[in-house]
Every structure is written in C-alpha cells, then in structure tokens.
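The block underneath contains the structure these notes are about, expressed in structure tokens.
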Amino acid sequence: MSFGDNFQQLSSHRALLHLQDAEIQLLESMKKCIDQRIKSDRQYASALTLVVSHAQKLDSGISNPLFQVWSNIVKETQNWIGLLRDHAEKLSFRTLERLNSLITEKKAARKFYLDEKLRLDAELRKVKDDVAKVKQDYEKNVTKHIQDRLKLEDLISKGVPPKKLEDARVRLTKSSLKLHRTHNNYVAALLEASEHERHYIKTVLPNLLNYQEEIEKLMVSQCKSILKDYADLTDFSTPEHIEIYKRIHDQASSLSPVTEYKVFVDQNKSDKLTSSNVEFDSQLLMGYNGTLKENQLALDTFTLEHIQQSCAKVTEQLQEYHQKVLSKESDLAVAQEQLNSVTSKEDINNYDIHKRTVLKLERELGELRCKKEVLKEVQDLYNKQLNRLGDRAPPAGVDLLENSSLPTSNYEGADAVAISDGARGQFKLNMVLHKLKKSGPVPPPPPEKDFIPNSSNGNDGEVKPPRTSLTNSSSHPPMGVMKSAALPACDSYQQVAVGQESRTLRQIGTNSGKKLDDEDWFHGVLPREEVQRLLVNDGDYLVRVSTNRKTGENQYVLSVMWKDHKHFIIQGQEGAWRFEAEQYPTIQELIFNQHNSGNHVTKKSGAILKNPVLRETWELKNDDILLGQKIGNGNFGDVFKGTYKPTNSEVAVKTCRETLSEDAKKKFLQEGRILKQYEHSNIVRFIGIAAHRHPVMIVMEYVPGGSLLNFLKKQGQHQSKKQLVKMCQGAAAGMAYLESHNCIHRDLAARNCLVGKKNIVKISDFGMSREEEEYTVSGGLKQIPIKWTAPEALNYGTYTSACDVWSFGVLMWEVFSFGQSPYPGLTNSQAREKVDDGYRMPCPDHMPEVIYRLTLKCWHQEARERPHFSEIDSELQRIHQSL
Ligand code: AMP
C-alpha cells in the first residue's frame with residue numbers, strides 16, 4: 001500500500017501534488033484559526049478582568065465569611081484568568097510557531113518531490129532520446145552501406161579500371177566500418193535504455209515516492225503533536241482548571257448560615273436596649289390643686305363616660321387583635337405543615353419559600369401578640385377603675401367646679417379653622433406640608449420678598465438649577481431652592497399650629513384663579529416614562545397632557561402611583577371635568593376635591609390622591625424660552641439659539657419634533673436626563689427641559705464657538721500647537737469627569753464637542769450616552785460612528801470608558817488634521833477591516849510626536865491597555881506645559 005507501488009502513473013502523481021497543496025492550505029487555515037482562538041481567549045481573559053475589577057471595587061471593611069468567600073472566588077477567577085493568559089501565550093509562542101515551521105517544511109517537501117520527479121523523468125527521456133538518435137544513424141549507415149555495396153558490384157560487372165574499383169571498395173569498407181560501429185552503439189544504447197527504465201520503474205521512482213511518503217508521515221506526526229498541544233492549551237478541564245473550580249465549589253459550600261454572623265456579633269455586640277423613662281412627670285402637677293393623681297386614672301363625673309367609651313374601644317380592639325392572632329396562628333400552622341412536607345432540603349427553592357413564609361408569619365404573630373398584650377394592659381387599667389367603682393356614682397370632677405371658665409382646647413380650634421375654611425385650603429395645606437416634609441428641617445417663616453415665581457432662581461444673570469437626579473424623581477428641590485422655586489406664588493402667609501410644630505402656610509381662601517398651566521403639579525407634555533420616574537410613593541400624583549393615539553387630540557391625564565403607575569384620562573370638556581363621580585368646572589377643582597375627599601379616583605383602581613408631585617426646578621415653562629436663529633440640526637429636531645426670559649440669558653435650545661414616535665421622544669429626553677447630573681467646565685451645562693407643551697425642548701448654556709469640527713475646519717490652521725493641545729486637554733478633562741461618574745459617552749468626536757469662550761472645549765451631544773460601567777448594545781449596531789468606535793464595541797457591542805478613550809484618540813487626530821475626516825479615502829467597512837488587522841492612522845503633519853504616541857496608546861487593541869482619561873488629562877497638561 002505504499003506510495004512507491006501505487007503512485008507511478010501520471011494521474012497518481014497529480015493526485016499526490018493536489019493532496020500536498022490541500023494539506024498546505026489546511027495548515028494555513030489552521031494557523032488562522034489558532035490565531036483567532038488566541039485572540040478570543042485573550043478577550044475572554046480581559047472580560048473576566050473587568051468582572052474581577054468590578055468585584056474589587058467593593059470595600060465594605062467587613063470580613064464575614066460571605067465576604068471572604070466571595071473574595072476567594074474572585075481570587076480564583078483571577079487564577080483562572082492567569083491560566084487563560086498563560087495558555088494563550090503558549091499557544092502564540094509555541095504552538096503557532098511550530099505550525100509555522102511545519103508549513104514551511106511542507107512547502108519545501110512538495111517542492112523537493114516535484115523537482116526530483118521532473119529530474120528523474122528528464123533523465124529517462126534523455127536515455128530514450130539517445131536510442132532514437134543512434135537508431136537514426138543506424139538506418140542511415142545501413143542505407144549507405146547497401147548503396148556502396150551495390151555500386152561496387154555494378155562497377156565489377158561493368159569491368160571499370162582498377163583505380164575506380166579500388167575507390168569503390170574503400171568507400172564500401174568505410175561504410176561497413178561505420179555500420180558495424182553504429183550497430184554496436186545501437187545495441188548498447190538499447191541495453192542502457194532498457195536497463196535505465198527497468199531501474200527507474202523498479203527502484204528509483206519508488207524510492208522517491210516512498211521517501212516522500214515517509215516525509216509526509218513525519219509531518220503528520222508533527223501535526224499531531226501540534227494539535228495535541230492545541231487541545232492541551234485550550235482545554236478547560238485540565239487538573240489545574242478542575243482544581244480552581246473545586247476550590248470555588250468548596251468556597252461556596254463552606255458558607256454556613258449558622259456561623260455566618262458569629263464573629264460579627266462578637267465584634268459589634270452592644271448591650272440590650274433599656275426601657276426609656278416613660279414615667280409620669282411629677283412636675284406636671286406642680287401647683288395643681290385638684291383631684292388628679294400621679295399615675296392614676298381619674299374616674300369622676302368628667303371622665304366616667306370617656307373611660308367607659310375608651311374601655312369599650314380597647315375591648316373592641318382587643319377582640320380584633322385576638323381574631324388576628326388566631327387567624328395568624330392558623331396561617332402559621334398551615335405554613336409550618338407545608339414546610340415540614342418539603343421532604344428533601346435539596347428542594348432548595350420550595351424549602352426557601354416555605355421557610356420564609358413561616359419566618360414572616362412568626363414575626364407578624366409575635367408583633368400581634370405584643371399589641372394584644374399592650375391592649376390587655378390598657379383594658380385592665382380601665383377595668384380596674386370601673387370595677388372599683390362598681391354600681392356607685394362617680395365622684396364629682398372637682399376641677400370643673402373650680403376652673404369652669406377655661407376654653408376646651410386650643411388645638412381643636414386651630415384644626416377646625418383648617419377644616420372649616422374650605423377644601424381648597426386643606427388641599428393647599430397638604431401641598432405645603434408635602435413640600436415641607438420633602439425639604440427637611442423647617443426654617444423660620446421667610447420674609448415675603450423671598451418668595452419669587454418658580455421659574456427664577458433668584459440669581460441674576462445665571463441660570464443654574466440644582467443638579468437633582470431625574471431618576472430620583474420624587475426628590476423635591478432642596479430647601480434653598482424651594483424657597484425661590486417650589487413654593488407657590490403667594491399673597492400672604494400665617495402661622496398655623498399643626499401638632500407640636502409651627503408651619504408656614506398659604507392663607508386659606510378661595511381659588512386664586514390660577515391657570516392650570518401655573519399649577520405646580522401640572523407637568524405639561526412630559527412623557528409618560530419621565531412622569532413615572534416622578535411618582536414614587538402610593539398616592540403621589542400629577543396632571544399632564546398626552547396625545548390620544550387614535551384621534552391625535554390632546555387629552556389631560558391624571559397620573560397616580562397606586563401600587564403601580566396608573567394613568568386616568570380626565571373625562572369631559574371645558575366647564576365640566578370628571579372621573580367617575582361628580583363633575584367640576586375646572587380641572588383644578590376636580591383635582592382639589594378628589595384630593596380632599598380621599599375618595600377613589602375610580603372604584604376599580606382604588607387609587608387615592610395623597611401627594612401632589614410638584615414640578616422640579618429643571619422643568620421650565622415653554623413660554624419662558626424665546627427661540628432665536630437656528631444654529632444646527634439635531635437628531636430629533638432643530639437646534640436654536642434662544643433667550644431664557646427669567647434671567648435674560650443666552651441659551652441653546654434643542655427641540656424635539658412633535659411628529660416623532662413616543663419612543664423617539666423618550667430617547668430625546670435621555671440626553672437631558674444624563675446631562676442634568678453633571679457640572680463641569682468642560683461639559684455643556686444643562687439648564688432644564690421645557691415640556692409644558694410641544695415642542696419639548698432641552699435648554700442648555702449657549703456655547704458661542706459652535707461645534708469643534710467647524711472650528712477646526714475654519715480656524716484650526718491658525719491655532720498654535722500649544723493651543724490645540726490645550727483644546728485636547730479640555731476635552732480630556734471633561735471626559736475624565738464623565739469617566740469618574742461612570743458615564744460612557746459613546747459618540748465622542750469633534751462634531752460633538754463645542755468651543756466656548758477662550759477656546760474652551762465642552763463635551764456635548766449625550767444622545768447616545770449611558771450611565772453604566774459597561775454597556776452592551778443589543779439591537780445591532782445601527783447608526784454607529786464606525787470610524788470613531790473601538791474594535792471591541794464594533795465586534796462585540798461592549799462599551800466601556802475605554803471605548804471613549806479610543807474615540808478620543810480619533811478626536812486628537814481630527815484636531816491636528818484640522819477637521820479632516822478620519823481614515824481618508826477608506827469607506828467605513830474598509831477602515832474597520834484594516835483596523836482589525838492592526839492598521840492605525842499615521843501621525844498627521846501637525847501633530848507633535850509625543851501626542852501621536854499618546855494617540856497610539858488610545859488605539860491599543862486591548863481596551864484594558866488604553867490609558868484612563870485622568871491619565872490622558874495629566875499627560876496632556878504635562879505636554880502643554882512643555883511646549
Ligand atoms: P447636536 O444635536 O448636539 O449635534 O447639535 C447640533 C448642532 O447644534 C451642533 O453641531 C452645534 O453647532 C449646535 N449646538 C448644539 N448645542 C449647542 C450649544 N449648547 N451651544 C451652541 N451651539 C450648539
């Protein structure tokens with residue numbers, strides 16, 4: 001079955017060559033695959049590094065077993081990463097190298113075989129050609145010899161003179177000589193040719209083929225060892241790997257709920273709480289001269305009825321609690337039985353559910369029993385007194401006789417004012433209390449001049465709303481801001497006693513005639529999603545406008561938090577508004593009455609209005625914004641220069657086209673939501689969102705120099721290198737701020753930066769930004785700025801701040817190329833492919849070498865090798881100083 005015996009014909013020879021070509025191709029492809037595998041293992045290791053660094057950020061200072069276990073699991077993950085990296089290195093420097101030399105050998109072997117085969121075939125052909133030549137001579141010489149012999153015979157028969165005869169005889173002798181020699185040559189050549197061919201077939205060709213076969217086999221065994229190497233280095237089930245996972249499993253198993261808190265308790269234990277001093281204060285009765293006694297119920301003509309009523313009430317409550325305890329006990333018995341019926345503790349889910357139920361019921365039962373005991377004590381107190389009195393008449397309430405001119409109760413009087421002065425007053429009281437409750441300690445009543453309309457912040461020339469979180473929606477403005485913005489515009493204030501405290505409260509009166517637009521709980525066309533962020537606690541509510549999907553008409557909506565977010569369309573028209581019940585002439589009155597009545601908005605929903613959620617300071621009124629000239633096109637609508645009337649300041653206004661889908665409108669506001677939290681001189685400053693009506697607008701500081709891209713194109717050439725470095729450094733400082741706030745911009749480019757006074761660069765356009773440490777795109781990579789985006793984001797959709805660093809590298813390139821488009825002459829996909837293959841744009845003519853080195857670092861293939869923005873910022877500051 002050897003090559004030597006079976007591959008002698010041309011067809012086999014061709015097949016052999018084809019096989020060799022195919023094998024070389026296979027090895028080349030193997031090489032690419034292993035290369036890819038190395039990359040993917042390295043990326044896996046990098047991704048795991050993120051996992052580890054995320055875990056390591058947590059430092060609670062607690063060393064309970066759970067914390068230790070997790071820390072050890074993280075350490076084992078690091079070991080896993082170490083193995084991954086080590087194996088990837090070996091694959092790269094050992095396996096791949098061996099494969100490379102095998103490919104070279106394979107190519108050389110093929111060449112050798114082909115050359116040898118051609119040489120041997122040529123030799124065989126030559127021997128055969130020689131025979132043919134000798135044969136030709138032979139034919140010629142035989143002919144000549146016959147001719148000479150016939151000539152001599154002819155001359156002899158004619159009897160020619162001896163001289164001529166002699167000549168003819170000499171010629172015949174010569175031709176005979178030649179013929180004999182050629183004959184011998186021919187015979188010898190024939191022998192040589194046949195022997196040559198016999199050896200070629202029998203020995204020489206088979207030897208070559210067999211040699212070739214052996215060489216190929218040797219290379220197969222080399223290949224086998226390479227593949228084994230590959231298998232070893234990509235195997236996740238080696239003893240080392242298994243050991244790591246064994247240790248991880250051991251860590252998890254080592255957790256013991258019983259001992260988890262032992263050390264912690266020892267370290268942090270404190271004495272039991274002692275009862276606070278809730279004793280009768282003897283001082284209270286100093287100077288009092290009646291029948292009341294310390295720690296004793298007074299049972300007299302004043303109190304008999306009250307005690308009887310109280311006793312009856314307590315008895316009723318006790319009964320109620322008794323029932324509750326019984327019902328809880330029976331629930332507990334059922335739950336206990338269910339827990340017992342979970343046969344195997346392995347059924348962890350079921351066991352857990354029932355165990356939790358039992359624990360919860362036990363706790364609730366314990367509390368109910370305590371309440372029952374308390375009530376029992378109080379009941380005993382009343383009963384003891386009543387029993388002691390028996391059927392006798394109670395003694396006279398002596399105090400009454402001596403102090404009959406005293407009024408009943410100041411407290412009730414004050415309360416009565418609040419109630420009797422009308423529903424609107426109560427509603428306002430609630431609203432003010434709500435504001436006060438949300439805004440911390442109560443300040444002394446402010447002088448009237450402090451209360452200015454809510455659109456102004458009282459800070460001349462500067463529009464600077466507080467950076468409250470849009471997501472922490474129900475958080476109302478801090479006190480300082482509330483004074484100027486959140487309290488309603490008002491006429492006068494008075495002091496009213498509420499419980500123990502004194503509160504500032506709007507004069508109770510009739511409807512002030514405010515427009516709905518001016519109500520603090522009216523939020524205009526703020527989209528449902530934003531509104532839902534504002535409604536946090538049950539009873540929180542507000543009114544807004546939405547568009548009816550079918551008719552396209554605007555409708556008023558009451559949004560309420562009641563277990564979840566509920567939205568009620570306010571039925572009716574001008575002059576007659578209602579939910580399910582009574583109708584009112586204005587929406588304000590409908591809401592006031594709904595709030596004050598405490599009735600359900602609709603029976604089905606059960607929702608009750610408790611706390612009006614007031615507009616936040618960033619919610620601006622559209623009427624306060626004067627639009628000027630158009631300065632740009634945004635993704636969602638035009639961008640205008642404008643004036644914010646309350647402060648008469650220049651602003652930039654991004655508008656959102658009304659025709660966009662609800663989804664797009666939400667996305668539009670995403671930018672405002674993110675920008676709102678940031679304040680940095682290198683980040684465009686957010687002023688507010690105007691959503692009283694369409695078009696919804698994001699208002700921000702006006703940055704006079706326009707986009708950095710246009711600036712570079714028009715004025716880049718006239719800037720010194722030092723100035724350009726300064727601009728890059730400004731952008732880096734802004735990005736370092738964002739990075740420290742876990743914000744990934746995702747669209748950093750010169751077109752999305754603005755140039756302010758003194759050429760200060762400000763990061764802008766947060767339309768694609770995300771507040772996450774790592775963000776993975778799920779819906780494909782539509783509308784991705786390919787030439788600015790890092791390879792790992794393009795290939796795997798994974799975004800981190802390191803991706804912004806890559807884009808920053810491109811931004812620096814743009815700065816020093818004066819706004820040229822990156823990767824000139826290449827399409828997006830060509831650029832992407834080249835970058836994947838390791839290509840990086842060359843240093844622009846005007847870019848200092850040291851900046852280019854920094855740029856290349858930003859373009860490091862491995863995201864984790866790229867510098868952080870804080871480092872880039874410092875490096876650029878250093879370079880700037882050195883220029
Ligand atoms: P954007 O939607 O953020 O890309 O904005 C579109 C264009 O409007 C930008 O390229 C700028 O020319 C302009 N622009 C946006 N925001 C501002 C601003 N705050 N100040 C000045 N111009 C701006």
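In the set (1) crowded, with 17+ Cβ neighbours inside 10 Å; (2) polar (S, T, N, Q); (3) modelled with pLDDT of 95 or more, Ser821 fails one condition alone, (1).
Taken over segment 238-258, residues that are open to solvent by 70 Å² or more (accessible area, probe 1.4 Å) and part of a loop (DSSP other than H, G, I, E, B) amount to 2. Only residues that are within 26 Å of Ile631 (Cα to Cα), surrounded by fewer than 23 Cβ atoms within 10 Å (Cβ to Cβ) and of a type outside the set (D, E, K, R) were counted in segment 734-751, giving 1.
Checked against the criteria, Ala831 does not count as in contact with a Phe, Trp or Tyr (Cβ under 8 Å, 6 or more places away or on another chain), within 25 Å of Tyr737 (Cα to Cα), among the small types (Gly, Ala, Ser) and free of Cβ contacts under 8 Å to residues at least 60 places away in the same chain. Regarding segment 818-835, can at least one residue be identified that is over 29 Å from Lys722 (Cβ atoms), assigned to a helix (DSSP H, G or I) and acidic (Asp, Glu)? There is at least one residue in segment 818-835 that is over 29 Å from Lys722 (Cβ atoms), assigned to a helix (DSSP H, G or I) and acidic (Asp, Glu).
Scanning segment 790-801 for residues that are open to solvent by 10 Å² or more (accessible area, probe 1.4 Å) and touching a Cys at 6+ places or on another chain (Cβ under 9 Å) returns Glu792, Ser801.
Applying the set (1) open to solvent by less than 40 Å² (accessible area, probe 1.4 Å); (2) under 30 Å from Leu16 (Cα atoms); (3) of a type in the set (A, V, I, L, M) to Leu114 leaves exactly one unmet item: (1).
When segment 859-883 is filtered for residues that are among the basic types (Lys, Arg) and touching a residue at least 12 places away in the same chain (Cβ under 8 Å), the ones remaining, listed by number, are Arg864, Arg866. Taking the listed residues Val653, Val684, Val639, the one that is modelled with pLDDT of 85 or more, touching a Lys or Arg at 6+ places or on another chain (Cβ under 6 Å) and open to solvent by less than 10 Å² (accessible area, probe 1.4 Å) is Val684, with no other qualifying. All conditions in (1) within 13 Å of the ligand (Cβ to nearest atom); (2) over 22 Å from Gln629 (Cα atoms) hold for Ser707, with the sole exception of (2).
Just to be sure before I move on: is His692 modelled with pLDDT of 85 or more, more than 10 Å from the ligand (Cβ to nearest atom), open to solvent by less than 40 Å² (accessible area, probe 1.4 Å) and not small (Gly, Ala, Ser) in the structure I sent?
Here the answer is yes, as His692 does meet what is asked.
Of the candidates Lys665, Lys762, the single residue that is modelled with pLDDT under 95 and under 30 Å from Asn622 (Cβ atoms) is Lys665.
Within segment 546-568, restricting attention to residues that are within 33 Å of the chain's Cα centre (by Cα) and modelled with pLDDT under 90, the residue that is nearest to Pro585 (Cα to Cα) is Ser546. When Leu318, Leu326, Leu299, Leu292 are screened for being outside any helix (DSSP H, G or I), under 26 Å from Lys372 (Cα atoms) and open to solvent by less than 90 Å² (accessible area, probe 1.4 Å), only Leu299 passes.
Could you please let me know if Ser310 is small (Gly, Ala, Ser), over 55 Å from the mean Cα position of the chain (by Cα) and part of a helix (DSSP H, G or I)? Yes: the conditions hold for Ser310. Taken over segment 711-758, the criterion of being farther than 21 Å from Gly809 by Cβ and within 14 Å of the ligand (Cβ to nearest atom) is satisfied by Lys714, Gly756, Lys757.
The values are calculated or read from the model by the stated rules, or taken from the named source; none is laboratory data. If you're wondering where the values come from, they're calculated on a predicted model, not measured in any experiment. With ideal geometry, Cβ positions are generated from the backbone for all residues, glycine too; neighbour counts draw on all protein chains shown. Heads up: the accessible areas ignore ligands, DNA and RNA and are worked out on the full protein's heavy atoms, side chains in. Shrake-Rupley method; radii C 1.70, N 1.55, O 1.52, S 1.80 Å.
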